[in-house]
Each structure stands twice: as C-alpha cells, then as structure tokens.
Amino acid sequence: MLVSLRGTLDHSAPGVAVIDVGGVGFRVLIPASTAAALPAVGSTAKLLTHLVVREDALILYGFATSAEIDLFERLLGVTKLGPAKALALLSGSTPAALRADIVRGNATALMRIPGIGRTLAAQIILDLKEKLGPVSDDPEITEDADLLTWLQAMGFSAAQAQTAVKRLPAVTRGEPLEDRVRVALSILRPD
C-alpha cells in the first residue's frame, strides 16, 4: 500500500495537489491544513497517504502530519462517514481542535462543517469519543478553531484560513479574537 509520496510539487489547488515522483504525477486529495503546509510549486514535497480503493477508482488522500492522517483514518471508521466528509472535517478545523470537539461532545462545532448534520455529528461523537483519548485544555486549540470559523464565515476558503492561522505571529496568542481576526486579515489582504 502507498504510505507516503516524496517528489516535486507539480501543481496545487484547493483540495488537491499533484506530486511528480520519478516522472509519474500522483493526484492527491488534501485537507486545507495540508494545502497550507505545502511548499512552493517546483519544490520537494512529502505527503503521508491513504489509498481508497473503489470499484471504479483509486483515490489517494494526502496529509502533511501524522496527526492529520491518524484522525482521517479514525474518521473513516465512523458509520456513514466517507472520505470526502472526513476530509471536509479536517479542512474545517485544526486536527487538535477537531479531536477536542469530538472528545468533549461539541456537536455544534462539528455541524459548522458543510455536510455534517446533527445526526452525523452525534454519530462521530458516539463512535470516536472514547477512542481518541484525553485532550489538552490548551486555549490555543479553541482560539485557532474560532479564528478559522470567523475567516471562513467572511468568505475565505478553508485553505486560505488555515494559511493565515499558520502565519500568525506568536505574539497574537491569547489576544482577543477580534485582534487576531484583524492580523489574519492583514495576512490575507496585504494591501
């Protein structure tokens, strides 16, 4: 099974990357957090991968970190949750914030993700709450999740929001959400 790809980043767009490995281009579906972590086109990139084999297709999913792929694979074990919705969940939040929302039973936060309704959010919590183990009470997890939600509500894509959160200066930690939104907007709109 394919567990990782290392090669030249040939193309990158929201939700997809093409990695050239020895002259063969692999199309990989990725969450927004991975898209934000990708290097510039033409640079060497490495992705951890999960291959989904279907009757009519082989679909490769890629992740920048082991935390992302681990959570993705756990989400695939949830009843009625396929890879597309699992990827949407990872795109709508950071892996740490998503884990915290599941463990704490925060269905409201899960339902903010397009395609995740009340029933599916409850099923995710039921299936994974005990399997994910304890989560940190780190306020940064909640701060980042709230900021991602705000930015996406303002019309930015999940990839753009994830990129802005990653580029926030460390000094903004602990500041009010409104101040963090202003700094993120200055990153997204440098005019």
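Structure notes:
- Its relative contact order, with pairs defined as Cα atoms under 8 Å and 6+ residues apart, puts the stretch 30-94 at 36 percent.
- Too-long pairs where the Cα-Cα distance tops 24 Å, listed order kept, from K85/K129; K129/K166; K80/K129; K85/K131; K131/K166: K129/K166; K131/K166
- Relative contact order of the stretch 139-188, taken over Cα pairs closer than 8 Å and 6 or more residues apart, is 43 percent.
- Ellipsoid fit via the Cα gyration tensor, the stretch 4-63: semi-axes of 18, 13, 9 Å, each the root of five times an eigenvalue, largest first.
- Per-bin percent of Cα-Cα distances, the stretch 40-99 [5 Å]: 4, 16, 27, 25, 15, 9, 3, 1
- Taking the average, over residues, of other Cβ atoms within 10 Å as the packing measure, peptides 93-103, 160-170, 2-12 rank 93-103, 160-170, 2-12 from highest down.
- The chain - mean residue ellipticity at 222 nm from DSSP helices (-39,500 (n - 2.57) per run, n ≥ 4, rounded to 500): -13500 deg cm²/dmol
- Peptides 23-35, 74-86 ranked from most to least packed give 23-35, 74-86, packing being the mean of other C-beta atoms within 10 angstrom over each peptide's residues.
- A cut-off under 15 angstrom between Cβ atoms defines the neighbours of T119, and their net charge, with Lys, Arg +1 and Asp, Glu -1, is +2.
- Length, then width, then depth: along the principal axes, the Cα atoms of the chain run 48, 45, 27 Å.
- Efficiency of FRET from Cβ geometry, V53 and R182, R₀ 41 Å, rounded to 0.05: 0.35
- Given charges at beta-carbon only (K, R positive; D, E negative), |dipole| of the chain in Debye: 260 debye
- Relative contact order, percent, the chain [alpha-carbon distance under 8 Å, six or more residues apart]: 17 percent
- Across every pair of non-identical alpha carbons in the stretch 23-129, the mean reciprocal distance, once inverted, gives a Kirkwood radius of 14.4 Å.
- Sorting the Cα pairs of the stretch 66-128 by distance into bins of 5 Å, from 0 upward, gives 4, 21, 37, 31, 7, 0 percent per bin.
- In the chain, the sites counted are GluC sites (Glu not before Pro) in DSSP loop states with at most 11 other Cβ atoms within 10 Å, and the longest stretch holding none of them, exclusive of the sites, is 56-129.
- Placing unit charges on each Cβ (+1 for Lys and Arg, -1 for Asp and Glu) gives the chain a dipole about its Cα centre, and among T94, S12, V52 the Cα reaching farthest toward its positive end belongs to V52.
- Around the amide H of F26, modelled in the peptide plane, lie the amide H atoms of I19, D20, V21, all under 5 Å away and 5 or more residues distant in sequence or on another chain.
None of the figures in this text is laboratory data; all of them are computed from the coordinates on show. In this text, all values refer to a predicted model and were calculated from it rather than measured experimentally. Cβ: placed from backbone, ideal geometry, glycine included. Neighbour counts: every protein chain shown.
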